[in-house]
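To start, I am sharing the structure in question, which I have written as C-alpha cells.
The values are calculated or read from the model by the stated rules, or taken from the named source; none is laboratory data. Predicted model only: the values in this text are computed from it and were never measured. Backbone-built Cβ (ideal geometry, glycine too); neighbour counts: all protein chains shown.
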C-alpha cells in the first residue's frame, strides 16, 4: 500500500517520462490494486477528461487557455517527451496531478505510507504561458521631496496624444521642489517640463528634475533611456546628467541610454547641437554632430564616436524595436524591460549573435519572438519557474 503523496510523485514522473523502472513497478502495483486507480490515471492522460476536471475543480485560473494544457497532455501520449518540452510542462503537471490526486484520494480510502516515503509535490509558482506575457503600457509614478507618490497612467500621458504637465510651486516665493518621475519595467511615459521641454522615458527609467527651473540654468538627471526635445532658451542652458557624464544642450533632439546594468552610456544626436563633458575632474567638451553617437565605456572611462541612424536608435519612441546589427543580449534586455519577463540563455554563445530587423513595439509577445525565431535560428520556450529560455536550433 502506498501513501497518496508518493503516488502523486510516481504519476507525475510517469506522465513527463522520467519515471525509473523501479518506480514504474510500484506504480503498476498500485494500478493493479483497483480499477478506480487505473481509470484515474487514464483520466489524467485524457485531454477531454482533464478539461472537465479543470472546470469542475477550478484548480487552474480559468483565464489561462485550457487548450494549451490539452495539447501538452496529449503530446505526452503521442511521443517521448523531449527535455525542453518537459521543462515547459512541469508546472502544469504538478498542478494537475497534485490537485487531481488530492480529489481522487478524498473519495477513496486513505492508503498507508511506505518506509521510503518522499515529500509531497509542492507548487511554488503559478503556471503561466507565453501568451500571458504582454506589451508594456503608459504608466509611471512621480514622487516629491516630501515622499508623496502619485501613480500616473495613460490619462496623464501617452499614446492617445495627451501629455502630463508638471505644475509649478503653488506659491511664487516657494523654492523649486525636486521631483522624481519613475517608469517601471513594462512601462513608458511622456512628460512636458516647466520650460516646454518634452521628455519621453523608456521602460525602467528615472528622471529627476525641479518643478520650476532657475533663472540661470535648467538641469535634470536621467537613468535608463530617455529622448529629449529641448526648448531653446539661450539665457538658461539645459544640462542632462547621466552616469559618468553631463550633456549640455543648445536646443535640440537627442537620445540618452544610460542603464546601470550596461557597460556603456550612449548619447545620440538627432537634430541641433549638444556637447559632452565628464562629471568628475574638469575636462574639455566633446561636440556631437547630427547622426553621431558618443559611447562612454564605463570600464575604460574612454569616449568613442560612431555614425548611426538616429531613426533606428529612437525607434522605441515611435512604437517599434529596430535592430541594426545588435547582439541578441541587448535585444533581450530591451524586450524584457518592455514585456517585463525574466530570461536565460541555454548557450552563452547565443548572446553575441547579431540581428537586423524590426518588431512592432505594441505587438503581443508571441509575435515578437516569432520574428526572431524565423530569422535567427533560435527557439524560445518557457521554463517551470516562468523564465524564457533562449536556445539554438
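Return the residues of region 310-342 that are surrounded by 15 or more Cβ atoms within 10 Å (Cβ to Cβ) and part of a strand (DSSP E or B); say none if nothing qualifies.
Passing the criteria: 320, 321, 322, 323, 324, 326, 327.
Quick one: is residue 308 at pLDDT below 95, out of contact with any helix residue (DSSP H, G or I) (no Cβ under 8 Å at 6 or more places or on another chain) and under 25 Å from residue 228 (Cβ atoms)?
Taking the combined requirement at face value, the residue satisfies it.
So, in region 130-170, of the ones that are surrounded by 16 or more Cβ atoms within 10 Å (Cβ to Cβ) and modelled with pLDDT under 85, which residue ends up farthest from residue 335 (Cα to Cα)?
166
Further question: Can you tell me which condition residue 334 does not meet? The list is (1) outside the structural domain of residue 378 (by TED's automatic domain parsing); (2) within 15 Å of residue 256 (Cα to Cα), and all the others hold.
The failed condition is (1).
Now a separate question. Out of all the residues in region 230-245, which are more than 24 Å from the chain's Cα centre (by Cα), modelled with pLDDT under 95 and surrounded by fewer than 20 Cβ atoms within 10 Å (Cβ to Cβ)?
The answer is 231, 232, 233, 234, 235, 236, 237, 244.
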